[in-house]
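In what follows, a structure is listed as structure tokens, so that the remarks can point back to it.
The values are calculated or read from the model by the stated rules, or taken from the named source; none is laboratory data. The structure displayed is predicted, hence computed values, not measured ones. Quick reminder, even Gly has a Cβ in these numbers, built from the backbone with ideal geometry, and neighbours come from all protein chains shown.
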């Protein structure tokens, strides 16, 4: 049986349309484009239904033939969502008060899709966590209400089946899959008490002792919780709004691991700096973290939170696994140049390195073969459009929005897991009339103070780290640890730089430097020996500060002033040693 062709939904100032999928995307013949600008749209979880609001009404159609399922008179709808089995359509509109209803009107509605009738109208003022969350079999539904989690069973919203009450509960996440359902709850710390996250199995809510796992931590203003597909573990990224040390504009982040078996851990990251992205593999056995001051590192960890593969450093801030989990894309969007690194995660081999400048959106096609990148408004109001890529690098289809028009959103049709089989990874570039846009080689940036000097390894702002396989017995040198390998690379780079800058030897004069391996020769004058020793001590401290600066640490003003005195100290040391 041939695999289905994914649809691509597009909405903008020119209306809403459905395109028939890759490699080329053409208007779906059965869907008549809605010329009115849409407020929102969505596919059902299995992709069989498509819903959108055009500012006049909400329409639900079948994706296969665009036949109308239901229409709702809800012109102000801003968000839409289907329940997992397509029994309910959830609509949300901004909460407002009027003279006729000073208390406000219920702005969250649950609709029966088969009959079109209203099941329940609820109040939901905040857009955060606006949508109730269901288990995949719709046996359990949960929503947050005033420091409580309300649980409903079998879509009966007239009675609350269970409650989980926790003081100041701020966020929650329901596990994917069917029964038994698990829920992860977050409570921020207050008055010196730490924040904590707990895992419960529904409906066993008996306090901390009944929790499957419990993890407490400080430095947390908010969290992001991500379950793996098997619902066996959850990753919690804890963030603060402000980094009190002043090291990062993005605040501080820590990554925590919790398993339903009770195991918890703080994921140890090899570089200081922000955590940009965390992504679970669809296999649920590993996850990728992009972190650290630029150039950022990317590392794959197993379920023991041990590093498996380090992709080195590069200009990246996002990670995207293919739906089948066999390919990983590391990308740098936003304030970066849109470089994408495509990796075969079974062989840990790079497939391609295309570039999508100004992209604000990235998504894998359900077939695991194609990618869409888009430049959307209001993030960027110029050069709106989208491109369809093959993961080997070429652009297969390109659409530029006309001048004066805007592209607002683009989304692939969703499919049940297993709809598209995993295919062998290709390394040969797929044919295309539009060619590929691989990232051009860039020249090494050199600060103005070093541009009049010959280029050397020591003139780099940072040390680029190559990819490294961290699995036992597969690393380049089995006898060295990760830290030892890193230190060895630094020593080799410094040695090469010294040899390049060192003039021809003129024995028997004593070489000038600050190395600890240097032989200490007494001048016979204790005062002079003391001055030389102090100068070497200062130069050694400067060298350590320079290494910290290269690693991305932000130095204080007095530390920067010390570095600026290096040339004067070297000259003074040379004069003292020549005078010996």
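Only one of the numbered conditions (1) farther than 26 Å from residue 284 by Cα; (2) modelled with pLDDT of 90 or more; (3) outside any loop (DSSP other than H, G, I, E, B) is not met by residue 157, and that is (3). What residue, of 75, 84, is in a loop (DSSP other than H, G, I, E, B), free of Cβ contacts under 8 Å to residues at least 60 places away in the same chain and surrounded by 14 or more Cβ atoms within 10 Å (Cβ to Cβ)? The conditions single out 84. Taken as a whole, the structure leaves residue 387 outside the set of residues that are farther than 18 Å from residue 399 by Cα and over 17 Å from the mean Cα position of the chain (by Cα). So for region 381-390 (the condition being surrounded by fewer than 16 Cβ atoms within 10 Å (Cβ to Cβ), at pLDDT below 90 and closer than 20 Å to residue 317 by Cα), does at least one residue qualify? Within region 381-390 (the criterion being surrounded by fewer than 16 Cβ atoms within 10 Å (Cβ to Cβ), at pLDDT below 90 and closer than 20 Å to residue 317 by Cα), the answer is no, since none of the residues qualifies.
Checked against (1) in a loop (DSSP other than H, G, I, E, B); (2) over 30 Å from residue 368 (Cβ atoms), residue 47 meets all criteria but (2). Counting only residues that are in a strand (DSSP E or B), surrounded by 21 or more Cβ atoms within 10 Å (Cβ to Cβ) and in contact (Cβ under 8 Å) with a residue 40 or more places away in the chain, region 315-338 holds 6 of them. The sole residue among 174, 212, 199 that is surrounded by 11 or more Cβ atoms within 10 Å (Cβ to Cβ) and more than 14 Å from residue 235 (Cα to Cα) is 212.
Among the residues of region 394-423, what is the count of those that are free of Cβ contacts under 8 Å to residues at least 12 places away in the same chain and under 26 Å from the mean Cα position of the chain (by Cα)? Adding up the residues that qualify gives 1. Does any residue of region 132-153 turn out to be modelled with pLDDT of 85 or more, within 30 Å of residue 193 (Cα to Cα) and assigned to a loop (DSSP other than H, G, I, E, B)? Yes, region 132-153 contains at least one residue that is modelled with pLDDT of 85 or more, within 30 Å of residue 193 (Cα to Cα) and assigned to a loop (DSSP other than H, G, I, E, B). Within region 225-243, being in contact (Cβ under 8 Å) with a residue 24 or more places away in the chain and surrounded by fewer than 17 Cβ atoms within 10 Å (Cβ to Cβ) holds for 226, 229, 230, 232.
You will find that of 292, 273, the residue that is within 16 Å of residue 464 (Cβ to Cβ) and at pLDDT 90 or above is 292 and no other. Scanning region 191-215 for residues that are within 29 Å of the chain's Cα centre (by Cα), under 16 Å from residue 260 (Cα atoms) and outside any loop (DSSP other than H, G, I, E, B) yields 196, 197, 198, 199, 200, 201, 213, 214, 215. Of the residues making up region 147-162, none is surrounded by fewer than 21 Cβ atoms within 10 Å (Cβ to Cβ), free of Cβ contacts under 8 Å to residues at least 60 places away in the same chain and within 27 Å of the chain's Cα centre (by Cα). Scanning region 50-65 for residues that are over 14 Å from residue 86 (Cα atoms) and not in a strand (DSSP E or B) returns 54, 55, 56, 57, 64, 65.
Touching a residue at least 40 places away in the same chain (Cβ under 8 Å), surrounded by fewer than 19 Cβ atoms within 10 Å (Cβ to Cβ), out of contact with any strand residue (DSSP E or B) (no Cβ under 6 Å at 6 or more places or on another chain) and part of a loop (DSSP other than H, G, I, E, B) - does that describe any residue in region 343-366? Within region 343-366, one or more residues are touching a residue at least 40 places away in the same chain (Cβ under 8 Å), surrounded by fewer than 19 Cβ atoms within 10 Å (Cβ to Cβ), out of contact with any strand residue (DSSP E or B) (no Cβ under 6 Å at 6 or more places or on another chain) and part of a loop (DSSP other than H, G, I, E, B).
Considering region 3-41, the residues that are outside any loop (DSSP other than H, G, I, E, B) and free of Cβ contacts under 8 Å to residues at least 40 places away in the same chain include one that is surrounded by the fewest Cβ atoms within 10 Å (Cβ to Cβ), namely 26. Taken together, the residues in region 161-190 that are in a loop (DSSP other than H, G, I, E, B) and within 30 Å of residue 416 (Cα to Cα) amount to 8.
Can you confirm whether residue 234 is more than 14 Å from residue 144 (Cβ to Cβ), part of a strand (DSSP E or B) and within 24 Å of the chain's Cα centre (by Cα)? Working first, answer last.
Details: more than 14 Å from residue 144 (Cβ to Cβ): yes; part of a strand (DSSP E or B): yes; within 24 Å of the chain's Cα centre (by Cα): yes.
Considered against the rule, which asks whether it is more than 14 Å from residue 144 (Cβ to Cβ), part of a strand (DSSP E or B) and within 24 Å of the chain's Cα centre (by Cα), residue 234 comes out as yes.
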